[in-house]
1. With in the same structural domain as residue 90 (by TED's automatic domain parsing), within 15 Å of the chain's Cα centre (by Cα) and modelled with pLDDT of 90 or more as the only criterion, which of 26, 48, 66 stands out?
2. Check residue 41 against each of (1) surrounded by fewer than 16 Cβ atoms within 10 Å (Cβ to Cβ); (2) in contact with a strand residue (DSSP E or B) (Cβ under 7 Å, 6 or more places away or on another chain); (3) in a helix (DSSP H, G or I) and name the one condition it does not meet.
3. Residue 4 is checked against (1) at pLDDT below 70; (2) assigned to a loop (DSSP other than H, G, I, E, B) and fails just one. What number does that condition carry?
4. Output the residue which, of all residues in region 97-128 that are surrounded by 10 or more Cβ atoms within 10 Å (Cβ to Cβ) and not in a helix (DSSP H, G or I), is modelled with the highest pLDDT.
5. Got at least one residue in region 69-91 being at pLDDT 75 or above and touching a helix residue (DSSP H, G or I) at 6+ places or on another chain (Cβ under 8 Å)?
6. Within region 44-64, can you find the residues that are surrounded by 12 or more Cβ atoms within 10 Å (Cβ to Cβ) and over 17 Å from residue 10 (Cα atoms)?
């Protein structure tokens, strides 16, 4: 990628952020049709210059960055709080699953499983 192409890509990134606000890094490199490492290098430079912020987020179980224009600080905090709520909600869902879903015992019999019995009794107490 030449210096001219990098400058054009930088300008495209800043234009996209101006129009949309925040964008996921993975969506940005796909839209610009550049590879992820080139996109990362350009974004790190923009971040060092104070033009953007990169906030680490997890989307569909995959770590990526949310790219935010430098003046959009309030937006970040609200979205981070929403992500935390989603994580807590998912943890509550997982906690309601019986231990068999994560059991590594290959010769376990459900009728004789102490972990399953403890879980079941706990669920019964919660419902009563």
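The values are calculated or read from the model by the stated rules, or taken from the named source; none is laboratory data. Please read these numbers as outputs of a predicted model, since none were measured by experiment. When we count neighbours, we look across all protein chains shown, and the Cβ atoms used for this are built from the backbone with ideal geometry, even at glycine.
1. Exactly one of 26, 48, 66 is in the same structural domain as residue 90 (by TED's automatic domain parsing), within 15 Å of the chain's Cα centre (by Cα) and modelled with pLDDT of 90 or more, namely 66.
2. The one condition residue 41 does not meet is (2).
3. Only one criterion in (1) at pLDDT below 70; (2) assigned to a loop (DSSP other than H, G, I, E, B) is unmet by residue 4, namely (2).
4. Only one residue fits best here, namely 113.
5. Scanning region 69-91 turns up at least one residue that is at pLDDT 75 or above and touching a helix residue (DSSP H, G or I) at 6+ places or on another chain (Cβ under 8 Å).
6. Going through region 44-64, the residues surrounded by 12 or more Cβ atoms within 10 Å (Cβ to Cβ) turn out to be 44-47, 51-55, 57, 59, 64.
Listed by number, the residues that qualify are 55, 57, 59, 64.
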